[in-house]
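Colleague: Below: one structure in structure tokens.
The values are calculated or read from the model by the stated rules, or taken from the named source; none is laboratory data. All of these numbers come straight from a predicted model, not from anything done at the bench. Cβ coordinates were reconstructed from backbone atoms using ideal geometry, including for glycine residues, and neighbour counts include every protein chain displayed. Surface accessibility is based on the protein's heavy atoms, side chains included, excluding ligands, DNA and RNA. Shrake-Rupley method; radii C 1.70, N 1.55, O 1.52, S 1.80 Å.
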Amino acid sequence: MIFYIIFILRLNARFVLSTHEPVAYQIFKKPGEFMIGGLFPFHSNVNDLESHWKPEPLTCSSLNPTGFLQALAMKFALEEINNSTTLLPGESLGYEVYDTCLNPLAILHPVLLFLARNGTEEVEMSCNLTEYKTRVLAVIGPSSTEVATVSMKLFSIFRIPQISYSVTADIFSDKSTYPAFYRTVPSDQKQVAGMVTLMTFFGWNWIAAIASADDYGETALRQFSSSGMSSGICIAYEGLIPTYLSVSDTSTVIEDILDKIEQTDVKVVLVFASLTQSVAVFKEVIMRNMTRVWIGSASWILSQSILSLPGIERVGTVIGFFPSAHTVSGFDGYLRNMISQTYPQFSDVFQGITLEPDKIPIILNPLTALHAHSVYTAVYAVAFALHKLLNCTSVKCNKQESNIYAWKLLKEVKKVDFSIFNTSFKFDSNGNPNTGYDIVTYSMSGMGFTKIGTYNKEMGLDSTLINWGTPDNVVPESQCSGNCSRGQVRRVKGTHSCCFDCVDCQEGMFQSSEDEYQCQPCPMGQWSNVRSTSCTNPTYMYLQWGHLSVIFLLLFSFVIFGLVLGTIILFFQHRHSPLVRASGGHMCCFSLLSLLAVNLSIILFIGKPTDVECKLQQPLPAMGFTCCLSTLSIKALQVMLVTDFKDVPTKYIQWLKTIGTWSFLIFSMVIQGLFCTWYILSAPSLYQNEQVTFLYKYLKCEITNVFCFFLMFGYNGILALVSFMLNCVAQAPPGQYNLARDITFSTLAYLLIWIVFVPVYAVVTDGNQLLLQMVVTLVSSSGIMLGYFAPKCYILLLKPEMASEEYFKIYNN
């Protein structure tokens, strides 16, 4: 069995550096008991990389002021810690800082050197590295995704904690692949979430995106596309800028991308590209006088290279996200002092770096100094982790073992929680910091930008600080389609969900806040109008007791009730008089009692109806009129026989007045009772299985069995019509009371009133239907009273001499 496989790689790192010497040469170095490595982009280009056909040292050029400043920030932080009496007291931190030249190949040399066994320049790879002590305990850097991809997996094998100060790509949050990677700037996932929140805040859902064709740009663009889609944001056009093209080819690609953006007519453009590519983009934008709202990522938004472009103020509004940064106290003076002492004539060479005079203003610019914050925090994260590992107090460190390994320090880095810049700092389980972003916009005053808000899971924004460059400083709109009004949903047209027609939600449907593309049906028992955003329970209206018309009809009914009751009393007092006996005797009282019931029945039409009221509302007046009209019908038959058929034997007349009358009355009531019973049994419950298709409804007892309704009141019509026809031509003998006339007028009044009622009832509205039937009921009963009973009351009260036996002899014999 092979227990260990050892690969020994001997590296000669002792190179003589000049401006274009091998990149592995140390820029800064200081010995110490615990060594910290640093990877910073002092330069931004590797010279003639395409002409290197043999493994000879690489050379770099084009000093990067930001990388130079960040390296000095690491040096400043380490010196500050070494001078501290409370953090790592009595211990010293050393450092080795190397140039990465922003190139993945250039970083391999210093990475391998960091992995060498402590005190040597040999890298040993074995199956068990737990007792392998590397040259450095931790690494600060690198700065870019491409460079970091090369170093991270190597450092992860040895479990050397690596804390980046500017790599934001979200792929490095995967601890199964990059277990030793941490960073002091938020990941692109949080930045993307902030951008989506910003665009949602301003209502922008139709945008274009420019990204670099690398892991950084493509990953961020995928994240934004996914998050934006769930928030209703559509990317009208995506433009990718390849990283391997020459300057001229890159310019051609950018021209084509901007042409496409102008064709889509979007007003907001997201730029998720590297600094070099972003500079190229805005140079072309300035040449075209292309005005848009530009949303920038942290990779370029506060770069002096962008802010110093001539004409940058003409590109429109630039808004971007930059990791929340604080001014490092004392660093500005340290920086100025080092430059003034080291480069008095701006021509000396410091550890292989030529500091050109034109770079010094950029390095000293307060804007560039913001990049020191994340480096400073990364160094302190290592220091606090080491402080914990060494069991240090504010007075001394109590080391329990002499060998301090990088993997042990990694355990403590995961758990660091310290205060810096009066803010608590720690890492989450993915190695990301608990910090957020500052939201900035370009301005023409001060440092060239204005802080307008912050984002850390939630956004705080003062939009009044933004100069939109529009009339009245109105926020530009960037939408494929305008916002739909309340109660409308989107009907997508084309391939983009942001391009749509607005469609009204119809009755019984509503637009839910959770669904912008489909109207939802109302729940059972609720309804909605057109263009509704919610459904409501229906409102029921009914005939109120306090309604003016109801009060008038009640008074009218009360008067009729009083007249009927008075007539009953009057007839009862004169029950033995020839007039009462001729009019029907006891049948008159029965008929009058029926009219009382008819008048009382109008109460069933008033107020909120119940099932019982609905079942009795029509049968009660129908039966009342049947009882009344039946007595008139039998009386009409008697009158016709005694006036027009005088030869009819008296015994038949007497039978008709006694047994025949009650037999007919009972028979007539039974017929009507059958009709009424049928109506009552067939009437459904008022609220049973009612499907709501309305918001407002006049609650009344519906006539569901129309046929039975016509049978009930049609039967009464037949009784009235028969009575009318029997007596309309009957003539009373001279000197006798004309009882046929009373029956004719009363039944004619009843017929005319109900004939008019039928067509009018069909055209009036719900509430008026009830009032109409109440009126017809009262008027028709009044017609019977006036036509049949009023003349007799007149005689009894005012002409009693006429109520003689002689005057009514023909009807009483």
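Colleague: Of all helices (runs of 4 or more DSSP H) completely enclosed by region 564-621, which ones contain at least 2 residues that are in contact with a Ser or Thr (Cβ under 7 Å, 6 or more places away or on another chain) and closer than 19 Å to L632 by Cα?
Modeller: The qualifying helices (runs of 4 or more DSSP H) are 586-600.
Colleague: I would also like to ask the following. Restricting attention to region 708-732, which residues are farther than 15 Å from S781 by Cβ, open to solvent by less than 30 Å² (accessible area, probe 1.4 Å) and of a type in the set (S, T, N, Q)?
Modeller: Matches in region 708-732: S723, N727.
Colleague: Take the conditions within 28 Å of V722 (Cβ to Cβ), surrounded by fewer than 19 Cβ atoms within 10 Å (Cβ to Cβ) and in contact with a Phe, Trp or Tyr (Cβ under 7 Å, 6 or more places away or on another chain) and apply them to C627. Does it pass?
Modeller: When the stated conditions are applied, C627 does not pass them.
Colleague: With the structure loaded, tell me whether V285 is within 19 Å of W468 (Cα to Cα) and part of a helix (DSSP H, G or I) or whether it fails that test.
Modeller: The answer is yes for V285.
Colleague: For the structure I just gave you, tell me whether G460 is out of contact with any strand residue (DSSP E or B) (no Cβ under 6 Å at 6 or more places or on another chain), open to solvent by less than 40 Å² (accessible area, probe 1.4 Å) and free of Cβ contacts under 8 Å to residues at least 60 places away in the same chain.
Modeller: No: the conditions fail for G460.
Colleague: Answer yes or no: is there a residue in region 223-246 that is assigned to a strand (DSSP E or B), over 25 Å from D428 (Cβ atoms) and at pLDDT 95 or above.
Modeller: So far as region 223-246 goes, no, none of its residues is assigned to a strand (DSSP E or B), over 25 Å from D428 (Cβ atoms) and at pLDDT 95 or above.
Colleague: Now for a different question. Name the one entry in V764, V722, V760 that is over 30 Å from Y542 (Cα atoms), in contact with a helix residue (DSSP H, G or I) (Cβ under 9 Å, 6 or more places away or on another chain) and not basic (K, R).
Modeller: Result: V722 is the single residue among V764, V722, V760 that is over 30 Å from Y542 (Cα atoms), in contact with a helix residue (DSSP H, G or I) (Cβ under 9 Å, 6 or more places away or on another chain) and not basic (K, R).
Colleague: Please name all residue pairs, on different chains or six or more residues apart, with Cβ atoms under 6 Å, provided the first residue is in region 757-784 and is in contact (Cβ under 8 Å) with a residue 12 or more places away in the chain and the second residue is surrounded by fewer than 19 Cβ atoms within 10 Å (Cβ to Cβ) and not in a helix (DSSP H, G or I).
Modeller: D766/Y698; G767/Y698; L772/V764
Colleague: Now for a different question. Only one of L770, L721, L752 is of a type in the set (A, V, I, L, M) and within 24 Å of C793 (Cβ to Cβ); which?
Modeller: L752
Colleague: Here's something else I'd like to know. Can we say I743 is open to solvent by less than 20 Å² (accessible area, probe 1.4 Å), touching a Leu at 6+ places or on another chain (Cβ under 6 Å), under 25 Å from T658 (Cα atoms) and among the β-branched types (V, I, T)?
Modeller: For I743, the condition - open to solvent by less than 20 Å² (accessible area, probe 1.4 Å), touching a Leu at 6+ places or on another chain (Cβ under 6 Å), under 25 Å from T658 (Cα atoms) and among the β-branched types (V, I, T) - is met.
Colleague: Considering only residues of region 489-499 that are hydrophobic (A, V, I, L, M, F, W, C) and either part of a loop (DSSP other than H, G, I, E, B) or modelled with pLDDT of 85 or more (or both), which is surrounded by the fewest Cβ atoms within 10 Å (Cβ to Cβ)?
Modeller: The extreme case among them is C499.
Colleague: Scanning region 232-263 for residues that are among the small types (G, A, S), more than 14 Å from W206 (Cβ to Cβ) and out of contact with any helix residue (DSSP H, G or I) (no Cβ under 6 Å at 6 or more places or on another chain), which turns out surrounded by the most Cβ atoms within 10 Å (Cβ to Cβ)?
Modeller: That would be S251.
Colleague: Please give the number of the condition Y517 fails out of (1) without any contact (Cβ under 8 Å) to a residue 40 or more places away in the chain; (2) surrounded by 14 or more Cβ atoms within 10 Å (Cβ to Cβ); (3) touching a Lys or Arg at 6+ places or on another chain (Cβ under 7 Å).
Modeller: Every listed condition holds for Y517 apart from (2).
Colleague: Taking K175 as meeting all but one of (1) in a helix (DSSP H, G or I); (2) surrounded by fewer than 24 Cβ atoms within 10 Å (Cβ to Cβ), write down the number of the exception.
Modeller: Looking at each condition in turn, K175 falls short on (1).
Colleague: Then there's this: Select from region 737-778 the residues that are under 19 Å from L592 (Cα atoms) and under 52 Å from the mean Cα position of the chain (by Cα) and list them in ascending order.
Modeller: M774
Colleague: Still on this structure, I have one more. Can you work out which of the residues in region 675-701 that are without any contact (Cβ under 8 Å) to a residue 40 or more places away in the chain and under 28 Å from F510 (Cβ atoms) is surrounded by the most Cβ atoms within 10 Å (Cβ to Cβ)?
Modeller: Looking at residues that are without any contact (Cβ under 8 Å) to a residue 40 or more places away in the chain and under 28 Å from F510 (Cβ atoms), I get E690.
Colleague: Given (1) among the small types (G, A, S); (2) in contact with an Asp or Glu (Cβ under 8 Å, 6 or more places away or on another chain); (3) open to solvent by less than 50 Å² (accessible area, probe 1.4 Å), identify the lone condition not met by G735.
Modeller: (3)
Colleague: Out of the residues in region 523-536 that are in contact (Cβ under 8 Å) with a residue 60 or more places away in the chain and touching a strand residue (DSSP E or B) at 6+ places or on another chain (Cβ under 9 Å), state the one that is least open to solvent (accessible area, probe 1.4 Å).
Modeller: Filtering first and then ranking leaves S528.
Colleague: Any idea which residue in region 188-231 is nearest to N456 (Cα to Cα), counting only those that are among the charged types (D, E, K, R) and open to solvent by less than 30 Å² (accessible area, probe 1.4 Å)?
Modeller: D188
Colleague: Among the numbered criteria (1) in a helix (DSSP H, G or I); (2) within 24 Å of S577 (Cβ to Cβ); (3) among the hydroxyl-bearing types (S, T, Y), which one does Y737 miss?
Modeller: (1)
Colleague: Then there's this: Quick one: is K451 in contact with a Gly (Cβ under 9 Å, 6 or more places away or on another chain) and among the basic types (K, R)?
Modeller: no
Colleague: Looking at region 106-129, which of its residues are part of a loop (DSSP other than H, G, I, E, B) and open to solvent by 40 Å² or more (accessible area, probe 1.4 Å)?
Modeller: If the condition is that a residue be part of a loop (DSSP other than H, G, I, E, B) and open to solvent by 40 Å² or more (accessible area, probe 1.4 Å), then N118, G119, T120, E121, C127, N128 are the ones that fit.
Colleague: Sticking with this one: Filter region 477-488 for residues that are surrounded by 16 or more Cβ atoms within 10 Å (Cβ to Cβ) and out of contact with any strand residue (DSSP E or B) (no Cβ under 6 Å at 6 or more places or on another chain) and give the result.
Modeller: G487
Colleague: Just give me the residues in region 56-74 being at pLDDT below 95 and in contact with a strand residue (DSSP E or B) (Cβ under 8 Å, 6 or more places away or on another chain), in sequence order.
Modeller: Of everything in region 56-74, those that are at pLDDT below 95 and in contact with a strand residue (DSSP E or B) (Cβ under 8 Å, 6 or more places away or on another chain) turn out to be L58, T59, C60, S61, S62, L63, N64, G67, F68, Q70, A71.
Colleague: Applying the selection to region 545-558, what residues are without any contact (Cβ under 8 Å) to a residue 40 or more places away in the chain and loosely packed, with under 13 Cβ neighbours inside 10 Å?
Modeller: G546, L548, I551, F552, L555, F558
Colleague: Further question on the same structure: Across region 760-813, what is the total count of residues that are open to solvent by 70 Å² or more (accessible area, probe 1.4 Å) and either of a type in the set (V, I, T) or farther than 20 Å from L719 by Cα (or both)?
Modeller: Looking only at that region, the number is 14.
Colleague: Please verify whether L302 is among the aliphatic types (A, V, I, L, M), in a loop (DSSP other than H, G, I, E, B) and at pLDDT 90 or above, treating the condition exactly as stated.
Modeller: Considered against the rule, which asks whether it is among the aliphatic types (A, V, I, L, M), in a loop (DSSP other than H, G, I, E, B) and at pLDDT 90 or above, L302 comes out as no.
Colleague: Of the conditions (1) more than 30 Å from D48 (Cα to Cα); (2) open to solvent by less than 10 Å² (accessible area, probe 1.4 Å); (3) in contact with an Asp or Glu (Cβ under 6 Å, 6 or more places away or on another chain), S92 fails just one. Which one is it?
Modeller: Checking S92 against (1) more than 30 Å from D48 (Cα to Cα); (2) open to solvent by less than 10 Å² (accessible area, probe 1.4 Å); (3) in contact with an Asp or Glu (Cβ under 6 Å, 6 or more places away or on another chain), the one that fails is (2).
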